[in-house]
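Trainee: My structure is below; once you've seen it, I'll send some questions.
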Amino acid sequence: LKEIIFLPTSILADSDSFQDVIVKIERPTYQKPFLGGFKNRITGVEFHNAGSQTIPKKQPDKGIQLFCRETQTVFEKNKPQQTRNTTSTQMTKIGVYVSNVTDKLIIPGKYLTAEEYHKRRLEAVIVLQKYFRRWLAINVVQNLREEKRLRLAWEAQEELRKKKEKQEKLKREHERRLNPKTKDDFELLYHALELWRQEETERINGTLTGAERKAALCGLLEQEVQLIASIGKHKINADEENQQKAILRFLDKCAQPKRWRAYDGKVTEMDTQYTLRARELFEIYRSISMNDIPKEERMDVLVTLRRTVKEHECKLTQEIVELIEREVDLMSREVKECNLEGLRKRICTLFLQYIKTPKFNPEVARILKVPPDPLKLYKNVNFCHGCKNYLPSTEFPIPANSCTIGRCRLCCKLNNEARRREAFLKYRLILENLRKSEAGYQDDAKIVFLVQHQDLQYMIENIWGCQSALSACSDLYELVMVRWDKQREWSPWNTILLTKDEADAHLKLCNLEKAYEEAFIHRIKHKHIRAKYYFAQIPAMASFLHRSDIQAN
């Protein structure tokens, strides 16, 4: 392609005339060769000494490809070469002597075939394999010996731990029987008394007859009465101590500041005027309920108490002030401390009533069980056929198979202490552990919170036989209930009774059919069918039973 420009130009034709002509300029599209010149360093303009407008001559096409990849690619090749080495050998001949002192006499040995060569190599390889396998076997035996040593040490440690725990448990039970303090302690004490009575009755019936038997039974009855009276004295003392502790816990709970957790995890505490008031009253109550304090300190506490209650004028505060003045008067007359105990108990009781009044202590209103509005007491109130009292529904133990509301908790406890004297602590512990484990799954389990310890007792005694399904361990303190299929929520038809170690191992299984034998699985399924048949009669369990069947399908 060429770029042609026509440019009009005036040229001098004569001495005084000009002629216009058209000059054709062809601007080439190729780079002209540099034939010499110079370049202005400031402006960058190049000046050529020579130049031409002649188009270079184009070479004719010869029909041969002159430029290609093959002609421009170099292939290198390495090839070893052995140069010639000219040697010569000189032998002994006439006129030439060659010494043979350094010569060696070579005798050909036995010819080794390829089969013999490979056979010898195979034998050498077998020898190497023997030594290598011996080394591996030594390592395996050492590892097994170390694992055995660790296992035996762990078993000995576990045996020692279990023995120590058993001793501590027996020691705790012995201590609980000697110094009972809680309801469970007295329940165990009555249960031990019943076991002792049954053993003595069997011994008397088996060894004595006639009048001797009757006399022995009368003596046994007198001993039982004495023991029951002794237990009753312990119970009265424990109730007084527990009541005082409960009062202090109640007042301390009222005096606690408001707490909330911030976004960064820090806990913020804030005291309000109500919590400060509750804390002040709590400190005063703790001071006046203390015994064996000096006379001067007692006088200061009474003065502080009188100044506090005088802030409100009512019949209760007037009675408290009168009792305070009476005690101050008696103390000024040097009356003995033992004669002032009744008066001081009255002051503590009235002041506690003052603290529990929301008008004087507003913070106590949110903790009192009895609502300020009497109309709310009429809701969820039921009649106890034992003590003939109207009580809230929370005071009635209602098993899952119960259709009516019978006796309250206190009447049931008194009936158990007077007749059967059973200990339900073991079943309550199993139920508490079961509820804790189910709460850890966080799958909205509901059945376990409907089941009461009476239902659990029926399952353990009548369905599972009070023993572990695997090891037949009959110690209820060592047994726990867990899910049979951990993918479904716990229910009486999806459970198994095991020891704690067996339960931990069971929950780690992924496939029950591969882990247990078919006969064992069939036996567990049979127990589940019995539990399902028992709880199917309960209306509250019918919906859960239907839902579990859908999940199983």
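The values are calculated or read from the model by the stated rules, or taken from the named source; none is laboratory data. Everything numeric in this text was worked out from a predicted model, so none of it was measured. Reconstructed Cβ throughout: ideal geometry from the backbone, glycine too, with neighbour counts over all protein chains shown. Heads up: the accessible areas ignore ligands, DNA and RNA and are worked out on the full protein's heavy atoms, side chains in. Shrake-Rupley method; radii C 1.70, N 1.55, O 1.52, S 1.80 Å.
Trainee: Taking Arg488 as meeting all but one of (1) assigned to a helix (DSSP H, G or I); (2) within 25 Å of the chain's Cα centre (by Cα); (3) in contact (Cβ under 8 Å) with a residue 60 or more places away in the chain, write down the number of the exception.
Mentor: Exception for Arg488: condition (1).
Trainee: Same structure, new question: Does Arg145 count as assigned to a helix (DSSP H, G or I), open to solvent by 80 Å² or more (accessible area, probe 1.4 Å) and either out of contact with any strand residue (DSSP E or B) (no Cβ under 8 Å at 6 or more places or on another chain) or under 30 Å from Lys500 (Cβ atoms) (or both)?
Mentor: Details: assigned to a helix (DSSP H, G or I): yes; open to solvent by 80 Å² or more (accessible area, probe 1.4 Å): yes; either out of contact with any strand residue (DSSP E or B) (no Cβ under 8 Å at 6 or more places or on another chain) or under 30 Å from Lys500 (Cβ atoms) (or both): yes.
Yes.
Trainee: Determine if the range 79-98 includes at least one residue that is loosely packed, with under 10 Cβ neighbours inside 10 Å, without any contact (Cβ under 8 Å) to a residue 40 or more places away in the chain and not in a loop (DSSP other than H, G, I, E, B).
Mentor: Residues of the range 79-98 loosely packed, with under 10 Cβ neighbours inside 10 Å: 79-91, 93-97.
Still in the running and without any contact (Cβ under 8 Å) to a residue 40 or more places away in the chain: 79-91, 93-97.
Cutting the leftovers down to not in a loop (DSSP other than H, G, I, E, B) gives us 93, 96.
Within the range 79-98 (the criterion being loosely packed, with under 10 Cβ neighbours inside 10 Å, without any contact (Cβ under 8 Å) to a residue 40 or more places away in the chain and not in a loop (DSSP other than H, G, I, E, B)), the answer is yes, since at least one residue qualifies.
Trainee: From Gly232, Gly206, Gly219, grab the single residue that is assigned to a helix (DSSP H, G or I) and under 18 Å from Ala423 (Cα atoms).
Mentor: Values: Gly206 fails: under 18 Å from Ala423 (Cα atoms); Gly219 fails: under 18 Å from Ala423 (Cα atoms).
Checking each option against the conditions leaves just Gly232.
Trainee: Moving to a separate point now. Any residue in the range 241-264 that is open to solvent by 40 Å² or more (accessible area, probe 1.4 Å) and on the phi > 0 side of the Ramachandran plot?
Mentor: No, the range 241-264 contains no residue that is open to solvent by 40 Å² or more (accessible area, probe 1.4 Å) and on the phi > 0 side of the Ramachandran plot.
Listed here are the residues, each with its yes/no results for (1) charged (D, E, K, R); (2) open to solvent by less than 20 Å² (accessible area, probe 1.4 Å).
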| site | (1), (2) |
| --- | --- |
| Thr268 | no, no |
| Ile284 | no, yes |
| Ser289 | no, no |
| Glu297 | yes, no |
| Leu302 | no, yes |
| Glu311 | yes, no |
| Arg333 | yes, no |
| Lys345 | yes, no |
| Thr349 | no, no |
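Trainee: I need the full set of residues from the range 502-512 which are free of Cβ contacts under 8 Å to residues at least 12 places away in the same chain and out of contact with any helix residue (DSSP H, G or I) (no Cβ under 7 Å at 6 or more places or on another chain), in order please.
Mentor: Correct list: Asp504, Ala505, Lys508, Cys510, Asn511.
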